[in-house]
Amino acid sequence: MKCNWCEDGGLLERYHDTEWGIPCHSDKMLFEYLMLECMSAGLSWMLMLRKRDIFKTCFADFDYKKVAAFTEEDVNKAMAYPGMIKSRRKIEAVISNAQNFINIQQEFGSFDSYIWAFTEGKTMIYQRHLDGEWMTRNDLSDNVAADLKKRGFKFLGSTLIYSYLQSIGVINDHDPGCSMFIKIGGVIVR
């Protein structure tokens, strides 16, 4: 059994089965997921998955060190790339976010150490989710979003950060009947 939202037999289902909610500790992947969220502001996640290869091309395969050094010329190349989301502000935000991502790494040793410290390295399962409540933000996502904003990150409010925390396995929001829910597990929070 799987989460209802992913049973399309295609891209969403593959994403669900191989990535979504599985605890991630690779700084490269943590950056990729965070920048996909940044690009998704106001758009659908399915669109992000469809354009993921375009983003990889435009953002140096999500190599945050390379992205942090992007110039105006790189912004213009991304803007001109076929199929790329034509939002200069989002592209510039990804570059700025890469610089801030590196600052966090320097302060905490890794972005992984920083992001997982919010839950002391544990995956959270919220009782409200188990009770059938659909959540798009909570105290955790509010706190993480506020801290990222304080550190200069852009296009990453609480709702997008909640989605990010789901994607990287900090929050287990798989349906309780989904095989991934049990496989990932976590600590139940009231």
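Take the chain and mark each of the GluC sites (Glu not before Pro) that is in a DSSP loop with at most 11 other Cβ atoms within 10 Å; the longest unmarked stretch, sites excluded, is 1-119.
For the range 69-140, chymotrypsin sites (Phe, Trp or Tyr not before Pro) are listed when DSSP marks them as loop and at most 14 other Cβ atoms sit within 10 Å of their Cβ; the list is Trp134.
Shown for the chain: the carbon plus sulfur share of the solvent-accessible area, taken with all protein chains present and a 1.4 angstrom probe, equals 53%. Electrostatic tally near Lys154: other residues with Cβ closer than 13 Å to its Cβ, Lys and Arg +1, Asp and Glu -1, net +4.
Averaged per residue, the chain has 48 square angstrom of accessible surface, using a 1.4 angstrom probe with ligands and nucleic acids left out. The trypsin sites (Lys or Arg not before Pro) of the range 25-91 that meet both conditions, a loop assignment by DSSP and at most 16 other Cβ atoms within 10 Å of the site Cβ, are Lys86.
The values are calculated or read from the model by the stated rules, or taken from the named source; none is laboratory data. All values derive from a computational prediction rather than experimental measurement. Note that we place each Cβ from the backbone using ideal geometry, even for glycine, and neighbour counts take in every protein chain shown. We work out accessible area using only protein heavy atoms, side chains counted, and drop any ligands, DNA or RNA first. Shrake-Rupley method; radii C 1.70, N 1.55, O 1.52, S 1.80 Å.
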